[in-house]
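What follows is one structure encoded as structure tokens, with my remarks underneath.
Computed from the coordinates by the stated procedures, all read-outs in this text should not be read as laboratory data. All values derive from a computational prediction rather than experimental measurement. Ideal geometry is used to build each Cβ from the backbone, glycine not excepted, and the neighbour counts take in all protein chains shown.
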Amino acid sequence: MINNDNLLSVQGALEKIKNAIRPIQDIEIIQIDSCLNRILSEDVFSPIPLPPFKSSAMDGFALKESDWVNNADKEFSIIGRSLAGHPFEGAVKKNHCIRIFTGAKIPEECDLIILQEQIDSLKESKVSFLDHNPSETFVRPIGHDIARDTIIATKGQRIDPILLARLSASGIHKIRAFRKPSIGVFSSGDELVSAKTKLKELKDGQIFESNRPFLLSSLASFGVKVIDYGNIPDSKNLTTKYLTKASKTCDLIITSGGVSVGDADFITETISEVGSLNFWRLNLKPGKPLAFGEINGCRILGLPGNPVSTIITTLLIANPLIEHMSGGIPKTPLKLKATCKQAIAHSAGRTEYQRGKYVNQEDGSLIVNQQGDQSSNRLSSFAGSNCLIEIPDSEGDILPGAQVTIIPLSNLGFLEQ
């Protein structure tokens, strides 16, 4: 019997992985229109201030604040206008103003925008305003958003659409990024067949596979190079052959199934014999059988075969591993407190992650419910779920009304349902 006290926690496994894997160091120069999801290999500084000139925050009239204060009747001569991309050219003299629009350049001598809503009367070249104290100047100074030479992105940061917009706004058209990791994906098991197989061709004892399609689609969001190696039959020789061959071209191999103690489970055994096994088994439910090691310098992550176990270990172990290997900084999952509305059976000894649905209350508090039978084969336990309920290994049964920790699935890369 294996003592759970000697099994690694999720955090312990991640620490071992971090210590075992040196992030990719190869660097590529990428055009800005192709850099989404890439990880920066260096800090990026803005070459210009934003905005690069003094600009208006609102539609209105630009004038001198001193003129406004000293002009008793609040009447000004309109001598021109400034539009975005078409600035006014000339000087603004005493008691003169220009029509100006949002984002347009403000003449150097002007330091106040009077909003168009404050117009009392407007003639062709004269405007008079309601007498009032402007709430603000509505002037955006140079560098109001970003100062010149400010760090706008940091090494290890993954480029998302918002960061891409900031880079483009600063006139940056190329970035230096770490090379994409090459990740091979295998499933394992004689019972597995593709969903493309016709029902009438499905043999007794066979099932349609879900783990490999899940892994392939999950990896797509990381912007990595993915190689689909298909399914490994339950054969020691073929397992060795396939893993050894793939290890020569990949940075990481992820498998599902074949890591338990059954007579037809050969992944862990192969890693141990052909390469080296860093650890096997976690103090985790679902997802206890999980192998991590290397063959020919290629890291191997062997995930369990039950569908829910594959998903949970992907979210908690594989995703941070890939982010670290890619040169990024794995995010710490957001954990929230919620009131559990029902009893949850749990035996102390293993940390468990159950599928649940949380709801925001009017007072800002959260309540959560378990989503039915939590068996590790039941993909349907994710139907309607929007979080994982984390139950520590020290806890026993959860009683109704107890406070529990939840992790929103959206924070782990899943869209909430």
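What the table below lists for this structure:
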read-out	value
The stretch 266-373, relative contact order in percent, only Cα pairs under 8 angstrom and at least six apart counted	19
Nearest-0.05 FRET efficiency for PHE53 and GLU124, computed from C-beta distance (R0 41 Å)	0.90
The stretch 108-160: radius of gyration over Cα atoms, expressed as a fraction of 2.2 N^0.38 Å	1.92
Sparse-neighbour loop sites [trypsin sites (Lys or Arg not before Pro); the stretch 187-265; at most 14 other C-beta within 10 Å; DSSP]	LYS196, LYS198, LYS203, LYS248
Helix 211-220 vs. the chain, principal-axis angle (Cα, 0 to 90°, nearest 10)	30
Approximate spin-label separation SER217-GLU273, in nm, with each point projected 7 Å along Cα-to-Cβ	3.6
Packing-based exposure ordering (other Cβ within 10 Å, fewest first) of HIS96, HIS144	HIS144, HIS96
Mean residue ellipticity (222 nm) of the chain, computed from DSSP H runs ≥ 4 via -39,500 (n - 2.57), nearest 500	-4500 deg cm²/dmol
Whole-Å distance, taken between Cα centres, linking the stretch 300-333 and the stretch 85-160	49
Counting DSSP beta bridges with both ends in the chain, the antiparallel % (nearest 5)	65
Within the stretch 350-379: backbone nitrogen closer than 13 Å to the GLN403 label point (7 Å, Cα to C-beta)	365-366
Loop chymotrypsin sites (Phe, Trp or Tyr not before Pro), the stretch 24-87 (other Cβ atoms within 10 Å of the site Cβ: 15 or fewer; DSSP)	PHE53
Under 14 Å from the Cα of LYS123 - aspartates and glutamates, other chains or at least 8 residues apart	GLU75
For LEU130, LEU321, order by how many other beta-carbon atoms lie within 10 Å, fewest first	LEU130, LEU321
Average projected area [Cα convex hull, the stretch 155-213], square nanometres	7.0
Length-normalised contact order for the chain - Cα pairs under 8 Å, 6+ apart - percent	15
Out-of-range pairs (alpha-carbon distance over 27 Å; input LYS200/LYS225; LYS74/LYS105; LYS16/LYS331; LYS196/LYS285)	LYS200/LYS225; LYS196/LYS285
Relative contact order computed over the stretch 55-140 (Cα-Cα under 8 Å; 6+ residues apart), in percent	40
Spacing of the two label points (7 Å from each Cα toward its C-beta) at ALA91 and VAL69, in nm	2.2
With Cα atoms, 0 to 90° folded angle of helix 236-247 axis to the chain main axis	30
Charge context of THR150, other residues only, Cβ under 11 angstrom, K/R +1, D/E -1	-1
Least to most buried among CYS387, CYS35 (fewest other Cβ within 10 Å first)	CYS35, CYS387
Calculated FRET efficiency for the pair LYS245/ASP26, C-beta based, R₀ 22 Å, to 0.05	0.50
Potential lengthening between SER77 and PHE208 on full extension [0.36 nm per residue; Cα-Cα distance subtracted]	39.4 nm
Relative pair counts by distance (%), Cα atoms of the stretch 55-140, 10 Å bins	20, 60, 20, 0
DSSP beta bridge pairing in the stretch 153-297, given as percent antiparallel to the nearest 5	25
Options (1) 53; (2) 29; (3) 34 - which one matches percent of Cα pairs over 33 Å apart as calculated here	(1)
GluC sites (Glu not before Pro) within the stretch 318-383: DSSP coil, no more than 16 neighbouring Cβ in 10 Å	GLU362
